[in-house]
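So the structure is just underneath, and the comments pick up after that.
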Amino acid sequence: MAKGRFIGIRRLLSALLVLVLGLGGVGNDASWGPAAARGDDAQLRRDVLQAIDLAQKYITSQQQNDGSFGSIQGGRWQAGVAALATLSLINSGKPIDDPVVSRGLEYLRRMPEPTEIYDIAMTIQALVAARNPKRDTARIAQFAERLEQAQNSRNQPGAWGYHADDSWWDNSNTQFAMLGLREASVAGYQVNRQVWTRSRDHWLKVLEGNPTLPGGAGWSYNGGGANGATTGSMTVAGIASLSIIDSFLQNDKDVLPNGEILCCGQQAPEPVEVALDGAVRWMSRNIQVTSNPGGPGHLLYYLYGLERAGRFTGTRFFGNKDWYREGASFLVRGQSPVNGSYRSNNESEEVVGTSLALLFLAKGLAPVVVNKLKYGPRDGVTGDVVGNDWNRHRRDVGNLVDYITELPKWPKLMTWQSVDLEVAANGEGVGALLQAPVQLLTGHRDLAAIQGRQMELLKEYISQGGFLFIVRSCEDPRFDQDVRRFVKELLPSDDYRLEKLPPTHDIYRSEFALTENPPELWGVDFGCRTAIVYSPHDLGCRWGKWTRFDPPGRQPAVTTQIIRSMRLGTNVIAYATGREVHDKLRRQEALAKVDENQLDRGHLRVGRLRHTGGWDSAPHALRHLQAALKTVGIEAASDAPSVAATDPLLFDHPVLYMHGRKNFALAPEEIEKLKEYLANGGFLFADACCGATQFDESFRRLAEQLGGKPLSRVPPTHEMFHPTLGHDIRTVKRRVLAPGTEGGAIQAQDVAGEPFLEGIEIDGRYAIVYSKYDISCALERQATPNCQGYVGEDAVKIAVNAVLYALYR
């Protein structure tokens with residue numbers, strides 16, 4: 001009876017799969033999660049990538065024989081145009097050895113020293129992006145020194161004009177000088193501190209209006225008269241410039257003679273902080289993506305600055321506008337269908353316009369690695385959070401992300417953003433949190449404001465494989481006590497406890513080796529990893545004081561504290577992400593809630609096989625696999641039931657899924673039932689979580705007991721890996737640990753090669769397929785640096801192909 005019911009289900013699913021394949025429903029580039037759930041982001045991402053490709057091709061086609069890209073206004077700014085075009089190609093993914101990029105860089109290296117500020121500043125940015133210090137350090141330093149000398153010291157100290165000897169000044173040239181000096185600093189040039197100080201004073205002086213008013217305040221082109229109107233393009237220029245300046249003008253006024261940092265002394269907001277808050281409010285009131293607010297044009301130049309202002313301040317929404325998604329949608333629609341270029345009503349030079357648009361699209365797509373959670377009591381009128389408990393150290397996460405991007409093996413552009421928990425809970429839901437792999441929660445009083453929908457949102461986020469990093473600000477004992485209450489409410493089961501991490505925990509080795517007297521961390525294990533990490537020490541205070549060059553008089557003890565905190569923060573991020581980060585529009589899809597009343601007739605039912613070796617180590621791996629199956633036309637049941645080998649319902653599941661970490665053994669009656677299941681057409685797919693050796697040894701014994709012979713490798717030429725069946729996985733990437741890293745920092749790299757699966761054939765078909773390398777934790781995107789297995793995207797494809805094989809064999 002069971003046999004007939006089981007084979008009938010398998011035949012029905014096989015027939016449906018043949019129909020899907022015959023209609024061409026299976027592609028080789030299906031993204032994570034069901035198409036319906038991916039929504040607008042998936043389509044927008046495809047459109048953005050196509051727009052980037054077309055823009056790159058247009059810019060490439062405009063290069064001159066000498067490596068330049070033309071000029072504007074009758075021969076001016078030829079160097080600046082070449083640098084802008086070259087920079088846009090590099091920032092949008094073109095390699096340095098690309099012929100067009102190489103010719104552009106060579107042109108910039110051999111040209112005479114320019115005299116215009118735009119030319120000098122843009123050339124610095126392009127040369128720094130080339131990352132060739134042996135060739136370019138001297139020229140970068142020469143040009144940076146030229147910018148320093150060109151700063152206005154007469155009628156408007158701290159600003160820049162078009163030339164060094166100009167009495168003219170404007171905020172556009174001043175912004176470009178800031179950008180050039182910032183990049184020169186990244187390359188190792190130490191800018192005179194007085195240059196930053198004078199420029200800070202300039203931006204504060206020419207702010208138009210009172211920044212403390214509800215409507216905020218912004219900047220104009222050069223203040224007063226016909227050019228005195230506040231505009232979007234100049235306001236985003238001011239936001240970016242003051243953000244840059246603030247990062248370089250660190251001071252140690254809060255440090256005692258013994259090196260102790262007073263992280264939370266009672267201080268009034270700094271003028272820069274007040275100005276930035278006011279400018280962000282002005283943008284929130286006036287934000288547009290189809291025009292330059294308050295300005296006569298220069299739309300593409302404005303969008304180029306908008307991306308930078310949003311990224312530097314960690315702002316996803318100005319007002320109610322998601323500036324990147326709405327701006328990208330607008331640019332996708334506005335691209336020339338003829339040649340892929342961009343221009344606006346008063347930006348007629350297409351190389352310049354296309355480069356500006358390309359920089360917005362490409363840099364705005366940078367991975368969001370951390371969401372900083374905004375929470376707290378609310379203003380009864382505005383609804384906004386009262387106070388800054390959630391953001392006591394406003395530069396903390398921005399500095400940490402900047403620090404990480406300069407390390408090897410990490411993307412060279414990542415970002416962060418703040419997320420209002422209440423707004424997310426009442427609107428986008430868990431999808432808002434899933435835009436970043438790490439949520440940062442800081443505070444110094446208590447977490448009582450996080451309740452109701454906000455607490456439910458965090459519970460759902462953790463249950464879907466998320467990672468929460470809690471950092472105590474000011475080391476207030478009230479916060480420490482409340483964290484323990486908060487975690488207990490978040491995960492009420494006794495299975496989840498906040499415990500002190502041992503020195504042997506992978507988190508202390510994930511990027512830097514911090515195993516000797518490691519800083520104190522606490523954590524809660526959930527799924528494949530420690531999913532909640534708590535620091536009782538004020539790391540954010542030290543992150544906020546990090547700068548590329550120590551301020552005058554900084555004590556060595558302070559520098560040591562800062563570097564140690566930066567390294568610990570980096571280790572937590574590396575542990576949480578496994579260094580696998582994805583662009584902004586490629587977020588992990590939220591798993592749909594299981595509807596217990598939904599009928600799943602005709603849907604594929606996959607069962608999770610229970611055992612004593614950690615059968616639920618990756619509790620949502622199967623649900624992620626079910627979501628991925630929908631992208632290739634397989635409708636899977638909405639639940640992920642667990643079944644014992646002796647369960648009468650075993651034969652209702654054509655596919656069994658199994659994973660674990662520890663030793664296990666099945667009883668003789670369980671083995672006999674599984675033999676019957678496999679002999680009647682059942683399929684068992686299994687993997688060892690993070691390559692766990694104990695599970696691997698136990699599963700090999702079980703497989704031999706079930707199949708009467710040992711596991712053997714599935715040939716790389718097998719149809720399971722064939723591109724006509726699901727995905728082309730003849731080449732995949734797997735995380736491999738370098739030898740000799742015991743006790744030191746974990747050294748892992750992604751190595752491309754043939755997939756390694758093993759199996760046992762019964763009656764001419766594979767009835768058991770096994771991976772000794774991790775798939776389950778990768779499905780949950782919980783693979784840590786020490787997790788030996790396939791990278792997330794390839795793990796999904798391997799699992800999908802295995803199930804397709806089971807149904808179509």
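The values are calculated or read from the model by the stated rules, or taken from the named source; none is laboratory data. Only a predicted model underlies this, so the values are computations on that prediction, with no experimental measurement involved. When we count neighbours, we look across all protein chains shown, and the Cβ atoms used for this are built from the backbone with ideal geometry, even at glycine. Just the protein is used for accessible areas: all its heavy atoms, side chains included, with ligands, DNA and RNA removed. Shrake-Rupley method; radii C 1.70, N 1.55, O 1.52, S 1.80 Å.
The table below lists the values:
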| item | result |
| --- | --- |
| Rounded percent of accessible protein surface that carbon and sulfur make up, the chain, 1.4 Å probe | 49 |
| Inter-site label distance for residue 747 and residue 194 at 7 Å from Cα along Cβ, in nm | 4.7 |
| Computed FRET value (nearest 0.05) for residue 730 with residue 649, which takes r as the C-beta separation and R₀ as 35 Å | 0.45 |
| Accessible area in square angstrom per residue, region 207-365, 1.4 angstrom probe | 38 |
| Order by protection proxy (mean Cβ within 10 Å, highest first), peptides 139-149, 521-531 | 521-531, 139-149 |
| Over the chain, relative contact order from alpha-carbon pairs under 8 Å, at least 6 apart, % | 12 |
| In order through region 386-392: 3J(HN,Hα) via Karplus (6.51 cos²θ - 1.76 cosθ + 1.60), integer Hz, x for Gly, Pro | 8, x, 10, 4, 6, 9, 4 |
| Helix 621-630 axis, angle to the chain major axis (alpha carbon atoms, nearest 10°) | 80 |
| Proximal lysines relative to residue 673, as straight alpha-carbon distance under 18 Å, when same-chain residues fewer than 8 apart are discounted | 3, 709 |
| Charge context of residue 154, other residues only, Cβ under 13 angstrom, K/R +1, D/E -1 | -1 |
| Residues of region 359-378 with amide N under 20 Å of a point placed 7 Å along Cα→Cβ from residue 445 | 373-378 |
| Sites residue 320 and residue 378 - FRET efficiency at Förster radius 22 Å, r taken between beta-carbons, to 0.05 | 0.80 |
| Angle between the chain longest axis and helix 193-205 axis [Cα atoms, degrees, rounded to 10] | 80 |
| Full-stretch length increase - residue 754, residue 557 - with 0.36 nm per residue and alpha-carbon distance subtracted | 66.0 nm |
| Nearest-ten-degree value, helix 232-248 long axis tilted from longest Cα axis of the chain | 80 |
| Gain on full stretching of the segment that runs from residue 253 to residue 713 - 0.36 nm per residue minus C-alpha separation | 159.2 nm |
| Approximate spin-label separation residue 135-residue 167, in nm, with each point projected 7 Å along Cα-to-Cβ | 4.3 |
| Order by protection proxy (mean Cβ within 10 Å, highest first), peptides 771-784, 199-212 | 771-784, 199-212 |
| Protection proxy ranking, peptides 649-659, 400-410, average beta carbon neighbours within 10 Å, highest first | 649-659, 400-410 |
| Listed residue pairs exceeding 24 Å between alpha carbons, taken from 374/412; 134/733; 488/584; 94/363 | 374/412; 134/733; 488/584 |
| Solvent-accessible area per residue, Å², over region 606-808 with all protein chains present [probe radius 1.4 Å] | 35 |
